[in-house]
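Laboratory data are not the source of any read-out in this text; all were calculated from the coordinates shown. Remember, predicted model here, so these are calculated numbers, not experimental data. Here the Cβ positions follow ideal geometry from the backbone for every residue, glycine too, while neighbour counts run over all protein chains shown.
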Amino acid sequence: MTGKNIRLIVACHKACEVPPSDLYLPVQVGAAGKPDIGFSRDDTGSNISGKNPIYCELTGLYWAWKNLDADYLGLVHYRRYFAEKRQLPGRKSSMADVLTRETCERLLDQYRVLVPKKRRYYIESVYTHYAHTFEGAQLEAARRVISEQCPEYLLDFDKLMKGTSAYIFNMFIMDRQLTEAYCTWLFDILERVEQIYSVEGMTDFEKRYAGRISERLFNVWLQYQVRTGVLPKESIHEIPYLYLGNVDWRRKILSFLKAKFLHKKYDKSF
């Protein structure tokens, strides 16, 4: 490995093509009790691999945080990556379009946090979008835990919930110091949320709530760092992202409209 010591894990649950660069480390998430697929496994060392049905890709992040020796850590997905540049509408992306080590190192010379372009909801707030498509009670449970464990973050939580944009997908690249602070804060909150929010009677799709609320909580943590002067806003940089695969946009848009106006929750991924 040359240059900066960066470990950008690729969360995978099945064998798949991954970028050939040593920037990327494919990790089999939820590996506990499952056959090996040829990637690093999140059930070695200190791990929470068994929580994957609830935590999703976060079991890979936890494993990386606890077990990898790196100056920078980050997370992407086997079908969703940071991109070298914005992809043109209608153009199918490929592995040739994913973020390269050269570009990543150049950006980390200038910024401390790399994040995907914000998603903007326009006709929804962050809270109402979640409440319409999933269960608002999950975010309310997270707010309760924050009020008990770290009430100084409540201002940022409430501001995010009322806003109309957020960084999602749990994707980021940060230096080790920031990753350590974020993961400590996040997993402490999620552990307590698990204790007060039961998954009894949920479908497999519905059980993934910890992975979903963490997408919002990352924004809360980041906003707090900026507000308190830990991170200058200028040290955070947005990068385009891409999706390798086909999205059924018609079904996705119809499902969003049904959730907002007919109160029909999402029941599968798109």
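Of the cross-linked pairs Lys117/Lys207; Lys14/Lys51; Lys85/Lys118, those separated by over 22 Å at the C-alpha level are Lys117/Lys207. Rounded to the nearest whole Hz, the Karplus-based 3J(HN,Hα) values (6.51 cos²θ - 1.76 cosθ + 1.60, θ = phi - 60°) of the stretch 174-190 follow the sequence 9, 6, 4, 4, 5, 4, 4, 5, 5, 5, 4, 5, 5, 6, 5, 5, 5, with x at glycine and proline. If you run the Gaussian network model on the chain, springs between alpha carbon atoms under 10 Å, then out of Leu231, Leu217, Leu139 the most flexible one is Leu231. Amide hydrogen proximity for Arg80: with H placed 1.01 Å from N in the peptide plane, the residues at 5 or more positions away or on another chain lying under 5 Å are Leu244.
Which of (1) 39, 21, 17; (2) 40, 26, 15; (3) 26, 22, 21 is the computed semi-axes √(5λ) of the Cα gyration tensor in Å for the structure on display? Given (1) 39, 21, 17; (2) 40, 26, 15; (3) 26, 22, 21, the calculated one carries the label (3). Note on Arg106 and Leu68: with the Förster distance fixed at 25 Å, the Cβ-Cβ geometry gives a FRET efficiency of about 0.65.
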